[in-house]
Amino acid sequence: MSAAAAGRGRRFFVETWGCQMNELDSQRLSGQLMQHGYLPTRSPEEADLILLNSCSVREKAEQKVYSRLGEYRLLKRANPALRIGLCGCVAQQVGEDALARVRELDFVLGPARVGELAGLLPRLDAGERMVVTGFPEARSYDFDSVAREGAYKGMVTVIEGCNKHCTFCIVPTTRGPERCRPLAEVVAEVRHLLDFGFQEIELLGQTVNHWREPGGGADFADLLDAVAPLPGLRRLRFVTSFPRDFTPRMVDRFRRHANLSDYLHLPVQSGSDRILRRMGRGYTVAEYVELASRVREARSTLALSTDLIVGFPGESEEDFEATLRLVESLRFAAIFAFRYSVRPGTAAPRLGDEVPTGVAEARLQRLMAVQDRIQEAQHRDLVGRELEVLVTGWGRRPGQWSGRTSCNRTVHFDAGLAAATSGDGSVRPGRFLMVRITASHPHSLLGEPVHLHPDSEVAVAVVRSLVDLTAASSRQETRA
Ligand code: SF4
């Protein structure tokens, strides 16, 4: 039954896979739909429009997309008025083929065309099927109509696409060549988010630090200088940086701007120069290590994270051990490590010398074990420290909040204690709290909000005794 026939407003459901760029694209899609009277729903079964915003960075993305579309096509059989759209990187990659293969699919929308969704709605209503992909020079980007999810972090794209062509990566094909947004537009969007009450801003780009003012001389260090001093901006993050483009002026910004977060994601990909050459990364391990030490010198509290690919074509045991040594010596705060997978249209498969899946998988497990040990030790060292945490949402356990430190670590803490500690009981996503770290795990920390307000002493004492009582009774239950 159509929404009109059912006498309710039209609903949309967006499923998002992939990186922050995709998350933001989904927010842009949602915002346009809401401006046209659609309401979001958490259930695809009650949607009138389903959008699958896909990611193709890893292998099997395409199969995964088709299998999910297979589930959605059943919904369309029950409700012919339902419209289904495939968006994101897989959409750009498969284009027409998807429409031919899935009869129930109504449209395919590439990542560079996200701003055009609203214009497609009347054509969709008329039953037209369409493919909207490619990289037009003029693109609509209406930041006023982004449906920002959550209340704690405002994401702002500063550069789209990538010109690097690393031999393993599909991004230049799916997101197109680099395209920078003008500085004035970025600043206007950040101001707009600050006016809305966001205190943490994240600047986004596949190679965010390669931003240049279109037709001008300003670079990413200048962009940081323009954004960081904006009133109300408490934390500024940016992701993802490309090592070769990280200039001394950018390093210096960690000294100059106290509100730049204590966190830098700097993908190295391998600890072997031979493999870095095969990947076409354009830097050596020694250059990366030097850059890491310069950034750490500029900001001693900085947490450095990285991406690593294991089992890249031609990776020998020796190359892999060089990666392990790099991880041991640089002691990253986090690594995002993946087994190499072939991406269509990339150069790496032509290099030959494939690493057997079993070998690559075993290496990945060894790497993760080393990193877990490092993280565990780093987290143990944080116990007893007081860290500023931005509340991001409910924790994994009932009665807990979760938040992120400036160094991007996850901290869980008791919601009752947090409310009592805050003085006015108004703990919510987007609020900053001081939290004392009380226990550590390899991937998260446990904490206790630090007493902030003199009037809250009694409330804190009451809640603390309740928390202690609950813990004692659950220990007794466990023993029984
Ligand atoms: S710089 Fe990053 S996005 Fe660009 S091709 Fe290399 S890995 Fe892909």
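The values are calculated or read from the model by the stated rules, or taken from the named source; none is laboratory data. Values in this document were obtained by computation on a predicted structure and should not be read as measured data. Positions of Cβ are generated from backbone atoms using ideal geometry, with glycine treated the same way; all protein chains shown enter the neighbour counts. In case anyone asks, the SASA skips ligands and DNA or RNA and just uses the protein heavy atoms, side chains included. Shrake-Rupley method; radii C 1.70, N 1.55, O 1.52, S 1.80 Å.
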### Query
Restricting the search to the range 227-245, which residues are away from the ligand (no atom under 11 Å from the Cβ), open to solvent by 10 Å² or more (accessible area, probe 1.4 Å) and more than 16 Å from the chain's Cα centre (by Cα)?
P229, L230, P231, G232, L233, R234
#### Entry: Given (1) in contact with a strand residue (DSSP E or B) (Cβ under 8 Å, 6 or more places away or on another chain); (2) more than 11 Å from the ligand (Cβ to nearest atom); (3) of a type in the set (K, R), number of the condition R175 does not satisfy
(2)
### Message
Need pairs with beta-carbon distance below 8 Å; first residue under 20 Å from E23 (Cα atoms) and within the range 156-169, second within 7 Å of the ligand (Cβ to nearest atom) and not in a loop (DSSP other than H, G, I, E, B); sequence gap 6+ or separate chains.
### Response
G161/V171; G161/P172; C162/V171; C162/P172
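So for the range 181-204 (the condition being closer than 30 Å to R274 by Cβ and either modelled with pLDDT of 95 or more or more than 14 Å from the ligand (Cβ to nearest atom) (or both)), does at least one residue qualify? Before the answer, list the steps.
Taking the range 181-204 and keeping what is closer than 30 Å to R274 by Cβ, we get none.
No, the conditions are met nowhere in the range 181-204.
Could you identify the single residue in L291, L304, L276, L308 that is within 16 Å of the ligand (Cβ to nearest atom) and assigned to a strand (DSSP E or B)?
Values: L291 fails: assigned to a strand (DSSP E or B); L304 fails: within 16 Å of the ligand (Cβ to nearest atom); L276 fails: assigned to a strand (DSSP E or B).
After applying the criteria, what remains is L308.
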### Residues satisfying the stated conditions in the range 144-171, i.e. within 16 Å of the ligand (Cβ to nearest atom), open to solvent by 20 Å² or more (accessible area, probe 1.4 Å) and not hydrophobic (A, V, I, L, M, F, W, C)
E160, N163, K164, H165, T167
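Yes or no, residue by residue, for (1) in contact (Cβ under 8 Å) with a residue 12 or more places away in the chain; (2) closer than 26 Å to M434 by Cβ; (3) open to solvent by less than 20 Å² (accessible area, probe 1.4 Å):
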site	(1), (2), (3)
T301	yes, yes, no
S305	yes, yes, yes
F312	yes, no, yes
R325	yes, no, no
F338	yes, no, no
G345	yes, no, no
V359	yes, no, no
T392	yes, yes, no
R409	yes, yes, no
### Message
Given the condition surrounded by 14 or more Cβ atoms within 10 Å (Cβ to Cβ) and part of a loop (DSSP other than H, G, I, E, B), answer yes or no: does some residue in the range 83-91 qualify?
### Response
no
#### Entry: All positions within the range 123-143 that are touching a residue at least 40 places away in the same chain (Cβ under 8 Å) and crowded, with 16+ Cβ neighbours inside 10 Å
L124, T133, F135, F143
